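The values are calculated or read from the model by the stated rules, or taken from the named source; none is laboratory data. Everything numeric in this text was worked out from a predicted model, so none of it was measured. Cβ coordinates were reconstructed from backbone atoms using ideal geometry, including for glycine residues, and neighbour counts include every protein chain displayed.
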């Protein structure tokens, strides 16, 4: 098990789907950031079950409690512990899972690894674990916004075959929140919602793609060669339940271009070094170049379907399992705040690491004229 | 900078394109593994420039020296230090780069981050840094093969629009090495080679996709929630120069299926729990399930093209830069051993971590019948 | 801030003296260890304020809650989150400290570092933080005992000038707990108690030395060169509030001997390699040698005294501060379970790390005859 | 094995006594620090064997080569790889050690841990490993001096029973280097040298104590609760070969005082918050308070003595071993630069970590008046 993420800004999540609750400890948060539960709760509400007709009806208010790390409404620089109680647990709904492995879930692999598992709601494998990530991400988002002028945003860009058209440079958080599927292309959103409602009725599920962006990141964040900015983003995204792929900038589509077509020319604009195109996705050589950072994350269709499926039981016999209970027909709308949270955690950690090695303290580097221009 | 990778098996790479050389220190390698330079050199030869007519003609013999960590031909459990000298350095070929940023290279971002850069051959941003990864990966590959019965293999599955057809379960290392583009589909390989030769003549470049697999990984490797096996693979791959995307199992294509279509049913086969299909890519909930692990990595077209391109200079003026010198028209053939190396490093580290938490020592878990069956 | 300790068995503590509570998350605990609150509470009771007439009268029942990581009374291998509420908080007793720095406390350094501090009870600098360490240490102690046959024990060996005589090889936990100062030399204990009562009445405080031992550690634990077993123990002990020194084996006294006098001869005994003397303290070259591990930790006198002392206030003016309120006249009796906890955490982590690199899995090393004999 | 130390400034050492050489990779060094081999060599010369009549006569010139990480005489921010060749290796002198374990050496524990060891000169357990530490420490010392105005200094304060009297606030590096035992009390030094020469002739060895100080450290460095400044110093010192104890400030002697006697009163002096006494050793609550940091490290007598000793052989039989060959009669004079190196590495790492969490970048905290006064 490895439940800590980050190098200077470190988050440790804990908790199972059924049990006392789920939570997170943030270590290394800079001091004197204004912070109360009111900064956290809205993000948790975006992740919360029962928020709309296209997500799971499990009833969890997910009210966050800040247990430590703040004083007089400000961060202390000490560990921030936050948690929410589990309320609407129904262990009895999972009794069959005590003996049978759900297909394409992690029941079997946890059993193989640990020789024991909490089968109630999937235990630690439940997406409920992401509560801690979202709570921590809310802190990182605020830190990035207030201290660095960086905005992080994500949205649903594809559900199964329905692909949205979105202006990545200018789309707003308001536009994302304008509908319950969190796709800022209203027409596509309407079709996505209809699709999700249709598959729900059919007892089936669908997947899709989330787009994530960061605006205002200065040139210089990222720690090659192993902790390249895109490498840490890739890890963050592939650590999410149900994610199957990550691409930054031109991504898989970029392989169809030649080098002449793909390269991003440099030009001076407003006294800064800018790229004319942005196939690099705002990152070159693992370090931000001052352009918009953007990437896409693929999520598979939810594994819980309301049909009988073939599986094996814990005694090693072939059997079948009938899906039932509360579930998301599509994880995408609730994945949006989680993608934002992980993006913010990666960026805030890198901001601090850059500051640690190359920062202002006694260490400000005398820069070349261009570097000075970009500040 | 972050030049160490891994948790129990840790590699630290060092070196610039032009300078004394490039190398690696492996820390944590298990003791008593038979190891000499002869185990390392063949992998370096696969990565070496000048190996064929479709890669850069830079002349580097890349002869590895093992400086520490072995005794009587066996590993000691102490750090293994390996390095190769730089021989065919031509700093004068890069003098223009001292003043101009190459488009879609990391010249500008290194300058912005550090206020200084080694412009000779790109310095640390050169893919020459991967020499250390491949040397370390050769050790990890041997460790996996001899101690765990795990085989790691990669190949070129796509160059621009040319897509190979390969039987992932059975393709052999010999088939991969049968041609200089390292694509085991002979017909596709021939077309890929013609394409690369054509773009080279045109002073242009192309990208593509590498497929990586691991066979024989037992159920149970992987450390959720953050160090999921696919998350660490994603980070490893996105830490490679020129990589732009990663997908595991069904990947981005999987979002077109519904949950019913996508799920991998479990069945008993030969006394083991197996999946009927393998859209999970051998990993469920971040932990290996005993099936074939497979993933794809996208590499962009090489940024160095033999044409004049727009850029800026270090004084902040718009200018142009004419590409010249030695370069790869396509990074894919040489990327194959690097993908294998990183895959092996991730898997060997996870094997050791699993052993540390759940291993045999005093800690063997009494397993359920199914877990026992899979041993 | 760095609130995580350990490499494979990682603990993260959180919480301030006054606030919601204090707690800990244990990550990496092996699965299937029987564990309930009843395993934790006795250790917390040994650390608890108000337990006797020679410790602080602050009233905290310190009832632990396990929030995650167990199922059916066994560990899952997932993060174990535990916490206790703060009950007897009296923030008003500290209002003067909001404006004045207590001498030899951390008020000033926290202010200098963070520009903010929780002055209520010292906030994060309170020894109340060690609640999380003791709870985690209780798990590590049980793991060591049940899986490795290792016993960890500590006791008070010196209070100011009163030095106990204790047979380190055979002293029992029962003897340690036989009196409220936790010194197994009954005569010395009686004098220590009288001394502590006398200084308490005088409004003063005293320090002392805790001895820690580990029995049954097999040869082979420890990770040179930086994570030597004694190095990690030294760090663990110097991370405790009020500790000022650490010595292992012969320690500072060993410098008075010559090499001939100091060396530990090897002899075979009962088919095992043993040392005739044990000035090495059970560790040679950073690795356990199978003998008793023992070390001593110095704790300074508690900084809170019931007298007026010179200090400065937050506006930078000289002033005085009159000590008042509840305090320990001597930290030693309550430090004993904390020293045991940190010792157990270090050893359990090293057991797992050794297992990860050199363990049984596919990796058992063929040993020389002697190595085989010691198993 | 764990051969990496540090969090933002990370050093990885490698190499055995006999083999290609010994070296180090420094990762995370800030860019644009002027650095050439001339900055490193003087420190290695202080550690070098054969430097005087009271150290081992092994002939090693220990000429350092910088292999990477600098350009035009400045650091790049990329990994700095440095190494020295082994020259005067005499493996034949150690053949008896292939079969017999030297008492109070690490031969046996390495065999028990790894099932294999390089018996030539002790392999990795040789103090020759500290070459890499000293080379890295030279970089850290320069960084501290030039970027932070911090000076690190150590000296021999005790050899067996001979104790020096030194003014810790004002003693200079020149005074330390004024004699070959590196004790700035000339009279004591003369006696120490005579003692060491006497024990050498007797085929015996002696130990002693090194004092380390850091001047100019600002208030605010240190990362409680686990990475307290004194905790990381303790770990660094106990990771050194032959070290047995560490104490900071009043240390073990401090337990003899009462709280009233021990406390360091605060007073304003020259507009800064100062302590009147310094029993805290410049660290309070794990964070520097702006006063002189000082600590003591105990080193045992060297284990290699020129006499017959009892031991066992690798087949598990009792036997004797006659010490012979080249050795140090006292490790203290050569330990001084190693203590300085580790001190510098700890402090530089903490400077960077503090900067990362609380630094100037966008993160400068608005300070209370006192905090502002101390800058």
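Taken together, A:259, A:208, A:212 contain a single residue that is under 21 Å from the mean Cα position of the chain (by Cα), within 12 Å of chain B (Cβ to nearest Cβ) and buried (at least 23 other Cβ atoms within 10 Å of the Cβ), which is A:208. Evaluating residue A:295 against the criteria (1) in contact with a strand residue (DSSP E or B) (Cβ under 8 Å, 6 or more places away or on another chain); (2) farther than 15 Å from residue A:246 by Cα; (3) more than 8 Å from chain B (Cβ to nearest Cβ) leaves one unmet condition, (2).
Every residue in the range A:222-250 that is in a loop (DSSP other than H, G, I, E, B), under 22 Å from residue A:168 (Cβ atoms) and at the interface with chain B (Cβ under 8 Å from one of its Cβ atoms), please. Within the range A:222-250, A:222, A:228, A:249, A:250 meet the criteria. Looking at the structure I just gave you, is residue C:14 within 7 Å of chain A (Cβ to nearest Cβ), closer than 28 Å to residue C:116 by Cα and either at pLDDT 95 or above or in contact with a helix residue (DSSP H, G or I) (Cβ under 6 Å, 6 or more places away or on another chain) (or both)? It is true that residue C:14 is within 7 Å of chain A (Cβ to nearest Cβ), closer than 28 Å to residue C:116 by Cα and either at pLDDT 95 or above or in contact with a helix residue (DSSP H, G or I) (Cβ under 6 Å, 6 or more places away or on another chain) (or both). So, residue C:23, is that one closer than 28 Å to residue D:228 by Cα and either in contact with a helix residue (DSSP H, G or I) (Cβ under 6 Å, 6 or more places away or on another chain) or free of Cβ contacts under 8 Å to residues at least 24 places away in the same chain (or both) or not? Yes; evaluated as a whole, the condition is true for this residue. Farther than 30 Å from residue A:318 by Cβ, away from chain B (no Cβ under 14 Å), in a helix (DSSP H, G or I) and touching a strand residue (DSSP E or B) at 6+ places or on another chain (Cβ under 8 Å): which single residue out of A:190, A:135, A:154 fits that description? Residue meeting the stated conditions: A:135. For the range D:50-101, the set of residues classified as touching a residue at least 24 places away in the same chain (Cβ under 8 Å), at positive phi and within 14 Å of chain B (Cβ to nearest Cβ) consists of D:69, D:73, D:77, listed by residue number.
Being surrounded by fewer than 24 Cβ atoms within 10 Å (Cβ to Cβ), in contact with a strand residue (DSSP E or B) (Cβ under 8 Å, 6 or more places away or on another chain) and at the interface with another protein chain (Cβ under 8 Å from one of its Cβ atoms) is a property that residue A:28 lacks.
If the condition is being in contact with a strand residue (DSSP E or B) (Cβ under 7 Å, 6 or more places away or on another chain), crowded, with 24+ Cβ neighbours inside 10 Å and at the interface with another protein chain (Cβ under 7 Å from one of its Cβ atoms), then the range B:1-11 contributes B:1, B:2, B:3, B:5.
In this structure, is residue D:223 more than 19 Å from the chain's Cα centre (by Cα), at pLDDT 95 or above and buried (at least 24 other Cβ atoms within 10 Å of the Cβ)? Criteria met by residue D:223.
Of the residues D:117, D:46, which single one is crowded, with 24+ Cβ neighbours inside 10 Å and touching a helix residue (DSSP H, G or I) at 6+ places or on another chain (Cβ under 8 Å)? Result: D:117 is the single residue among D:117, D:46 that is crowded, with 24+ Cβ neighbours inside 10 Å and touching a helix residue (DSSP H, G or I) at 6+ places or on another chain (Cβ under 8 Å). Taken over the range A:55-69, the criterion of being crowded, with 23+ Cβ neighbours inside 10 Å and out of contact with any strand residue (DSSP E or B) (no Cβ under 6 Å at 6 or more places or on another chain) is satisfied by A:55 alone.
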